[in-house]
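Notes for the one structure printed next.
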Amino acid sequence: MYEFSIQNMTCGHCAGTVEKAIKATDPTALAKVDLPTQTAKVETTVDPATIAAAIENAGYPNSFKSL
């Protein structure tokens with residue numbers, strides 16, 4: 001499980017875009033995007049750097065840590 005801290009996520013559409021980026025990278029990922037805290041908790045078998053890059057490519061700078 002990883003927690004991504006996501007910048008510039010300000011609305012529901014933003015949260016949906018982040019979730020789509022995560023799912024495009026790993027369709028089996030369990031992702032919970034939390035708009036108020038600007039975080040996403042993701043359970044995945046994919047390298048988290050790959051998911052971070054997908055979120056970044058969607059327009060949202062981010063960082064992650066292992067939980």
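Here the contact order of the chain, divided by its residue count and restricted to Cα pairs under 8 Å and six or more residues apart, works out to 48 percent. Residues whose amide H comes within less than 5 Å of that of Asp34, counting only those at least five positions distant or on another chain, are Thr39, Ala40, Lys41 (H built at 1.01 Å from N in the peptide plane). Counting only protein heavy atoms and a probe of 1.4 Å, the accessible surface of the chain is 53% carbon and sulfur.
Relative to the longest principal axis of the Cα atoms of the chain, helix 12-25 runs at roughly 20 degrees.
Sorted from longest to shortest, the spans of the Cα atoms of the chain along the three principal axes equal 28, 22, 17 Å.
Label positions at Ala53 and Ser5, each projected 7 Å from the Cα along the C-beta direction, are separated by 2.3 nm. Against the chain, whose longest principal axis comes from its Cα atoms, helix 48-57 is set at around 30 degrees.
Take the Cα of Thr37, step 7 Å toward its Cβ, do the same at Ser66, and the gap between the two points is 2.0 nm. Rolling a 1.4 Å probe over the protein heavy atoms gives the chain an accessible area of 57 Å² per residue.
The values are calculated or read from the model by the stated rules, or taken from the named source; none is laboratory data. All of these numbers come straight from a predicted model, not from anything done at the bench. All Cβ positions, glycine included, derive from the backbone under ideal geometry; neighbour counts span all protein chains shown. Side chains are part of the model used for accessible areas, which takes the heavy atoms of the whole protein and leaves out ligands, DNA and RNA. Shrake-Rupley method; radii C 1.70, N 1.55, O 1.52, S 1.80 Å.
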